[in-house]
Amino acid sequence: MAAPSNESQDYVGFDTITQQMERKFLKRGFNLNIILVGESGMGKSTLVNSIFASHLVDSMGRRTAQEVIRKTTEITPVTQTLDENGVRVRLTVIDTPGFGDQCNNERCWDPVIRYIKDQHAAYLERELKPQRDRVINDTRVHACLYFLNPGSRGLRPLDVEVLKRLTEVTNVIPVIAKSDSMTVEERTVFKRHVKEEMSFHRIAVYPYPSEEDDEEDRMLNSSIKDLVPFAVVGSEEIIDVNGTPVRGRRHGWGVINIFDETHSDFVHLRNFLLRTHLSDLIEVTSQRHYEQFRTSQLRQIKEIRAQQAAAAAAGGSMPGHQMQPAAAQVPTGPLPQQPMAQV
Amino acid sequence: MRSASIPVQSPAASAGATKKKMNGYVGFSNYPNQEHRRSVKRGFNFTLMVVGESGLGKSTLVNTLFESKVYPTKDSDDGAAGHTGTSSGEAGSRAVEITSVSADILENGVKLRLSVVDTPGFGDSINNEDSWRPVLENIESRFDAYLAQENRVNRSKIVDNRVNALLYFIKPTGHALRAIDIEFMKHLHTRVNLIPVIAKADTLTPREVELFKARILADINYHGIHTFKPVSDQYDDPETVADNKTIAAKIPFAVIGSEKLVRRADGQMVRGRQYPWGVIEVENEAHNDFVSLRQMLLRTHMEELRDETDVSLYESYRTQKLLALGHVQDNSVFREFNPRMQQEEEERLHAAKMSKLEAEMSAVFRQKVQEKEGKLKQSEEELYSRHQQMKSVLEKQRRDLDEKRTRLAQPDVVHTHSSAHPEHAQRMPSKDKKKRGFF
């Protein structure tokens, strides 16, 4: 005899938790931090402005002859609050003007990695406080759009170096922003080369496979992985095509509609970023990257403490550890600055 | 044979020459044709260098320009060639190579020996500070090779592989020139005819192309970079002048390249690229500046490029190099070799030298004599003054004594004195004697 169905009489109602969460979410709003990494002129600002359908960031490219070429990578975060159907998002877009623009680009990625780690460190510091806020303002970088050079045979040496380091600290989504210089066949070939090289160098881009994924998730992820790197075209202009307003670019031989799936992967990228994987991005940042950072930091603190204890036990003060008095006050003190210097 | 006199286009250059009108057909206007026939038989040389990051379509453009597969392009599916640079694991320090491909192309009986020099690896490393150096060294070594050939004893066979034009490929960012572009152009523009080209121009809308070109030209002017400009001289007809102006206005050329034939909307097959949103045609002037580039490079200004290389760029390099090596302009080599004259010349020089030495010595001698004279005169004067001094002293003493004598010579008063003082009386004459003896 089957157990009596409890659906009609004994409806408990805990399935309304989703609505409760939604309401809380609506009240609180959430933070989204995206960093754009790529050389000047790759179409970073235009793409972000196209994704969010508003002019969020200005292009930082050099436009006049008198302007001096930047000597280092600068980090310029711009925060805005967007509202859609009652849902508020505090969107921070971090641009990296000067990245890859000099003749000698060695270590041009240092400021970027440093910024990302600093956000993790700031969060960790606030988390470790005895009196911490209920909701910590999350400035950790949730997604990194890495802009590839269209037309190269795949990844350039600079790309390989930077991607190796970026994928260790944040979710990286490779993108080709000005893909209107590649025909469809060229795009396919390029994507294949990039994927081969990424697997050769063991560069793991988002999305990551996880055990929690069910069939649906896996299918979605694999279709996303096929598209990576996204070959998109960005545009802030609305042009008129036979009476219909279209967001796109007008050339002498044709008009590109960025929402047309045959023209570019823009729709897929936007959906991926905002409509399907947005919360996953935030969660993975918190669970994977932040946790990794936290583990390594706490381990280092423990080591330093152990060293200091050993030094104290040996009698006398050891000269090398004089500059970290704060580490002794764990866990409330400021974090020792030395470990973070290892980029 | 009174045919109409041919209007004479005389060069206004030489001031002494007078313009003469001819009354018949002489025929020297056929000279260019003779020159033309001779050069066609000999064939032409042209060396083109292409520089730019990988993936900007250099090989494709070269193949498109010369309508032949000068370069095997790195097309889609050669997986073997794909993993050369980046996947080899080196930390992005790929050196710039210089590779050269030569082809003999024949068109309408005119033979062209075309050499294309490629620079794979340019701008592809992480540190590109010295990317320009191998390119400059290659160009200068070609100049050196030509210089060495020119200085040979037998110069009948000179092979000219100097670079006549350099196409520099600019990435279509739409902003302005990048640091590596400016560095390269600043170092190379005095050694080669620099032609900047915007690669993959199909990614820019017409308005973006306009703005980009303006910014590039602003950058070029700001840094004092000299690019090749087609200039018209005074002999060109107005049509050519107008053509040259339009072509010059389009620099830097925004081009695309394609070796494939695609089907246009109206069904016709054209060379171009096919996108989901349309077909861009290589040879359509409304779509890109390929036609202008080809016109300038091959059809109208090839000779000027070669000429500029030979007359201006090579000469300035040669002068700088020879001056740096310490050569001094020695005009004596231009005079005839004549042993007798040379001997006479040498004798003359020698005599001149001798007379100079002599003059010097006599001058020195005179000077010394003068010095000595001066000294002697000085001592003479000194002696004389001393003598005068002593004389006056003595004179005074004599006067004194004379006075005393006269006093003593007075009678009676002196008696008592003289007995008491006999020495006085005796002393006085002796004093007199003394005085006399002195003189």
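The values are calculated or read from the model by the stated rules, or taken from the named source; none is laboratory data. As the structure is a prediction and not an experimental result, all values here were calculated from the model. So basically every Cβ, Gly included, is an ideal-geometry build from the backbone, and we count neighbours across all protein chains shown.
Kindly indicate which of A:V87, A:V68 is out of contact with any strand residue (DSSP E or B) (no Cβ under 6 Å at 6 or more places or on another chain) and in contact (Cβ under 8 Å) with a residue 40 or more places away in the chain.
On the way: A:V68 fails: in contact (Cβ under 8 Å) with a residue 40 or more places away in the chain.
It is A:V87.
Counting only strands (runs of 3 or more DSSP E) that sit wholly inside segment B:179-296, those with at least 2 residues that are within 29 Å of A:G100 (Cβ to Cβ) are B:194-198, B:269-275.
When A:L124 is tested against (1) over 17 Å from A:L163 (Cα atoms); (2) within 14 Å of chain B (Cβ to nearest Cβ); (3) aliphatic (A, V, I, L, M), exactly one condition is not met: (2). Within segment A:271-298, the set of residues being under 15 Å from A:F30 (Cβ atoms), in contact (Cβ under 8 Å) with a residue 12 or more places away in the chain and of a type in the set (S, T, Y) comprises A:T285, A:S286. Among the conditions (1) in contact with a Ser or Thr (Cβ under 7 Å, 6 or more places away or on another chain); (2) in a helix (DSSP H, G or I), B:N161 misses just one, which is (2).
Could you check, for segment B:20-31, whether at least one of its residues is basic (K, R), touching a residue at least 12 places away in the same chain (Cβ under 8 Å) and more than 14 Å from every other protein chain (Cβ to nearest Cβ)? Yes, that holds for at least one residue.
Counting just the residues of segment A:290-303 that are out of contact with any His (no Cβ under 7 Å at 6 or more places or on another chain) and crowded, with 18+ Cβ neighbours inside 10 Å, which one comes out farthest from the other protein chains (Cβ to nearest Cβ)? Give the steps one after another, and end with the answer.
As a first pass, look at segment A:290-303 and keep what is out of contact with any His (no Cβ under 7 Å at 6 or more places or on another chain): A:291-292, A:294-303.
Checking the rest, the ones that are also crowded, with 18+ Cβ neighbours inside 10 Å come to A:297, A:301.
Working: A:Q297: 28, A:I301: 32 Å.
Looking at residues that are out of contact with any His (no Cβ under 7 Å at 6 or more places or on another chain) and crowded, with 18+ Cβ neighbours inside 10 Å, I get A:I301.
The residue list A:S59, A:S40 contains one member that is within 11 Å of chain B (Cβ to nearest Cβ), assigned to a loop (DSSP other than H, G, I, E, B), under 22 Å from A:D180 (Cβ atoms) and in contact with a helix residue (DSSP H, G or I) (Cβ under 6 Å, 6 or more places away or on another chain), which is A:S59.
Being surrounded by fewer than 21 Cβ atoms within 10 Å (Cβ to Cβ), free of Cβ contacts under 8 Å to residues at least 24 places away in the same chain, of a type in the set (G, A, S) and within 14 Å of another protein chain (Cβ to nearest Cβ) is the requirement here; does A:S199 meet it? Give the steps one after another, and end with the answer.
Values: surrounded by fewer than 21 Cβ atoms within 10 Å (Cβ to Cβ): yes; free of Cβ contacts under 8 Å to residues at least 24 places away in the same chain: yes; of a type in the set (G, A, S): yes; within 14 Å of another protein chain (Cβ to nearest Cβ): yes.
Answer is yes for this residue.
Looking at segment B:76-90, can you tell me whether even one residue there is touching a Leu at 6+ places or on another chain (Cβ under 9 Å), among the small types (G, A, S) and modelled with pLDDT under 85? Scanning segment B:76-90 turns up at least one residue that is touching a Leu at 6+ places or on another chain (Cβ under 9 Å), among the small types (G, A, S) and modelled with pLDDT under 85. Given the structure, is A:M21 among the hydrophobic types (A, V, I, L, M, F, W, C), surrounded by fewer than 13 Cβ atoms within 10 Å (Cβ to Cβ) and either at pLDDT below 90 or farther than 22 Å from A:A143 by Cβ (or both)? Yes: the conditions hold for A:M21.
Of the residues that make up segment B:123-134, is at least one of a type outside the set (V, I, T), in contact (Cβ under 8 Å) with a residue 60 or more places away in the chain and closer than 19 Å to B:Y71 by Cβ? Scanning segment B:123-134, I find at least one residue that is of a type outside the set (V, I, T), in contact (Cβ under 8 Å) with a residue 60 or more places away in the chain and closer than 19 Å to B:Y71 by Cβ, so the answer is yes. In segment A:216-271, counting only strands (runs of 3 or more DSSP E) that sit wholly within it, the ones holding 1 or more residues that are of a type in the set (D, E) span A:238-241. Here is the figure for segment A:88-110: residues that are closer than 25 Å to B:L177 by Cβ and surrounded by 18 or more Cβ atoms within 10 Å (Cβ to Cβ) total 12. A:V246: in contact with a Gly (Cβ under 8 Å, 6 or more places away or on another chain) and either within 22 Å of A:A177 (Cα to Cα) or at pLDDT 90 or above (or both), yes or no? For A:V246, the condition - in contact with a Gly (Cβ under 8 Å, 6 or more places away or on another chain) and either within 22 Å of A:A177 (Cα to Cα) or at pLDDT 90 or above (or both) - is not met. Look at segment A:153-165: where a residue is crowded, with 24+ Cβ neighbours inside 10 Å and a partner is assigned to a loop (DSSP other than H, G, I, E, B) and β-branched (V, I, T), sitting 6+ places away or on another chain with Cβ atoms under 7 Å, you get A:L163/A:I203. For segment A:56-72, state whether one or more residues are surrounded by 15 or more Cβ atoms within 10 Å (Cβ to Cβ), closer than 25 Å to A:T170 by Cα and modelled with pLDDT of 90 or more. No, because not a single residue in segment A:56-72 is surrounded by 15 or more Cβ atoms within 10 Å (Cβ to Cβ), closer than 25 Å to A:T170 by Cα and modelled with pLDDT of 90 or more.
Are any residues in segment B:393-427 at pLDDT below 55 and of a type in the set (G, A, S), and if so, which ones? Before the answer, list the steps.
Narrowing segment B:393-427 to residues at pLDDT below 55: B:414-427.
The answer is B:S418, B:S419, B:A420, B:A425.
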